[in-house]
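What follows is calculated from the coordinates using simple rules that are stated; it is not laboratory data. Note that the structure is predicted; figures quoted are calculated from it, not measured. No Cβ is skipped: glycine too gets one built from the backbone with ideal geometry, and neighbour counts run over all protein chains shown.
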Amino acid sequence: MLAMFRILKQKHHDITHLVNMCDLDTQQSRSHGLKSNLIKQQAQSIGIEIIQEDTDFKGYETNLKRVINNLKSKGIEGGIFGDIYLQAHRDWIERVCGELDIIPFFPLWKEDTQDLLNEFIETGFQANIVSVRKDKMNKEWLGKKLDQAFLNEISKTDIDPCAENGEYHTFVHDGPIFDHAINIQTDGIRDDDKHWFLNIN
């Protein structure tokens, strides 16, 4: 969200589409555990068209490439990615984009993650934790709001403030580019072998 916000502020590029890859079996965002309709509501409030593609893990790259090629046919020339410091993931993105002749943009690359989280909060985005990795965090973190109190708390741990290693995932439900806040209701928690998830509707 912050990566996109920065590009929008610069006004050098038009952002015309958001891309969301959903789990083939559950129609949820895989690591976030979010229902696809929540992400669609998010895009509608921001006012940018969203493309949601169902995929399994094995077919992820193939399906992503198909989405990108369809966007290329509409005149899309680049993509925005929120990576901060994981070089292996950036290498993968650059390879995929290079094979499709798409320019990747990394507005947050190599910036301090504590500074980035502070900027996210100070900018006025509203987000809550919706999933955590069991090997990194316990379920009591679920539902926490990303605010200054959270920043102070997370800074005292060995967890990356921006969760660049997937320690936690969030749902952004309001902010300066939203036309209206997304009304969410919590409905207990669930888990799989690696994550705790907050059920939200």
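List of remarks:
- Average Cα contact separation per residue, the chain, under 8 Å, 6 or more apart, as relative contact order %: 22 percent
- Measuring between alpha carbons in the structure, the pairs from 11/65; 9/156; 35/65 lying more than 28 angstrom apart are 9/156.
- Think of each Lys and Arg Cβ as +1 and each Asp and Glu Cβ as -1; about the Cα centre, that makes the dipole of the range 25-170 roughly 540 debye.
- Between residue 80 and 105, the built amide H atoms are under 5 Å apart, and every one of these is 5 or more places off in sequence or on another chain.
- Note on the chain: GNM, Cα springs under 10 Å; of 55, 157, 113, the largest mean-square fluctuation is that of 157.
- For residue 22, residues with placed amide H under 5 Å, excluding near neighbours: 53, 54, 55
- Protection proxy ranking for 149-155, 69-75, 169-175, using the average of other Cβ atoms within 10 Å per residue and placing the highest first: 169-175, 149-155, 69-75.
- Calculated on the Cα set of the chain, radius of gyration then Dmax: 16.6, 48 Å.
- J(HN,Hα) series, the range 135-148, from Karplus relation 6.51 cos²θ - 1.76 cosθ + 1.60, nearest Hz, glycine and proline x: 7, 10, 9, 9, 5, 5, 6, 4, x, 4, 7, 7, 9, 5
- Legend: residue pairs 40/194; 74/139; 74/144, Cα-Cα distance threshold 31 Å; pairs beyond threshold, 74/139; 74/144.
- Helix-only CD estimate at 222 nm, as mean residue ellipticity for the chain, using -39500 (n - 2.57) per DSSP H run (n ≥ 4): -9500 deg cm²/dmol
- Descending by average beta-carbon neighbour count within 10 Å, the peptides 183-192, 126-135, 41-50, 90-99 line up as 126-135, 41-50, 90-99, 183-192, the highest first.
- Electrostatic bookkeeping for residue 148 treats Lys and Arg as +1 and Asp and Glu as -1; over the other residues with beta carbon under 13 Å from its beta carbon, the sum is -2.
- Between residue 65 and residue 100, full extension at 0.36 nm per residue minus the direct alpha carbon distance yields a gain of 11.8 nm.
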